Amino acid sequence: MPTSPLIRLGTRRSPLAMVQAQEARARLCAAHGWGESQVELVPVVASGDKVLDRPLAEIGGKALWTRELDQWLVDGRIDMAVHSMKDVETLRPVAIAIGAILPRADKADRLLGAASLADIPQGAKVGTSAPRRAAQLLNLRPDVEVVGIRGNVATRMAKLDAGEADATFLASAGLDRLGEDAVGVRLDPELWLPAPAQAAIGIECRSDDTRVLDLLAAIDHAPSRAEVMAERRLLEGLGGGCSSPIAALSETSGGEIHLRAAIFSADGAVRVVDEVRFETGDDAAPLALASRLLAAAPPEVRKLFEGPA
């Protein structure tokens, strides 16, 4: 007789989301000695997966990735929800807790369609709907044209192959998780800063569900959590939303985090960068970094950060 699931794990339906949910299930099963059937994957269609012809900022922002899973979680239809942490709003409902952050993968972006940023032909169309990627690219290559491309990894690769753009960017972590580790050219994250919380898988649950919180504690990766929470604290201090060009990279060594961040004007003409080193768990340091970045930014950049996080 089959064993009833102990946990119902909600996830978006995209191929990458399903792979990430499978990793979360495998880690839970390994930590608690369960069989795979004891964690049921529950696919949910997210609003952000339904509308692909407009930038995320125009149709509701990051909440479009979390809205349905949040509702299912609060309603008790699932016990946990798996997310790419870079897609999770900075300010979360009180009823929902981030129960675990899995070990973080490669934080870098990869460039598809050219051997390097310098090798992108002059005037080429580069596809991205991410304000960070667009602004960072235009800061380095103001001669290229940015065109909007959205969709899952396979969709964006297909659009590139179809000639909708000459080059595009994808996250190394997502490509690796999908077995596409040979695709594209890795961009040094020290030079091309990634998105805050990029490459981190998070698992959320109800804040008052002590049973599930205890189960998730067994797979929470403390160094990855510290980095992700520091980067989310930076976002909290900056404010803004999906249309705010923000890049950040944190690296942990000996209980200390080195956090470097940049904010841009939408056209990439202005870049403000700063950094800080602080002990793990220091919530004030990322906020102070955010304050310095905004203080150093001209009005046209600051106005991009006058909105909900």
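The values are calculated or read from the model by the stated rules, or taken from the named source; none is laboratory data. These figures come from a predicted structure and were not determined experimentally. Virtual Cβ from ideal backbone geometry, glycine too; neighbours counted across all protein chains shown.
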(message) Yes or no: the range 299-309 includes at least one residue that is out of contact with any Asp or Glu (no Cβ under 6 Å at 6 or more places or on another chain), in contact (Cβ under 8 Å) with a residue 40 or more places away in the chain and crowded, with 18+ Cβ neighbours inside 10 Å.
(response) yes
(request) Under 6 Å between Cβ atoms, at least 6 apart or on separate chains: pull out the pairs that start in the range 105-127 with a residue that is at positive phi and end on any residue that is not in a loop (DSSP other than H, G, I, E, B). (result) Gly113/Leu160; Gly113/Ala167
(message) Need a quick list: strands (runs of 3 or more DSSP E) entirely within the range 246-309 having at least 1 residues that are of a type in the set (Lys, Arg).
(response) 256-264, 271-279
(message) Among the residues that make up the range 188-211, is at least one of them crowded, with 23+ Cβ neighbours inside 10 Å, modelled with pLDDT of 95 or more, closer than 26 Å to Glu236 by Cα and in contact with a Pro (Cβ under 8 Å, 6 or more places away or on another chain)?
(response) no
(request) For the range 69-123, name all the residues that are among the acidic types (Asp, Glu) and more than 18 Å from the chain's Cα centre (by Cα). (result) Asp75, Asp79, Asp119
(message) I'd like the full set of residues that are of a type outside the set (S, T, N, Q) and buried (at least 20 other Cβ atoms within 10 Å of the Cβ), limited to the range 90-104.
(response) Ile98, Gly99, Ala100, Ile101, Leu102, Arg104
(request) Kindly establish whether Asp87 is modelled with pLDDT under 95, surrounded by 17 or more Cβ atoms within 10 Å (Cβ to Cβ) and within 21 Å of Ala226 (Cα to Cα). (result) yes
(request) Have a look at Asp176, Asp220, Asp214 and point out the one that is closer than 19 Å to Ala21 by Cβ and not in a loop (DSSP other than H, G, I, E, B). (result) Asp176
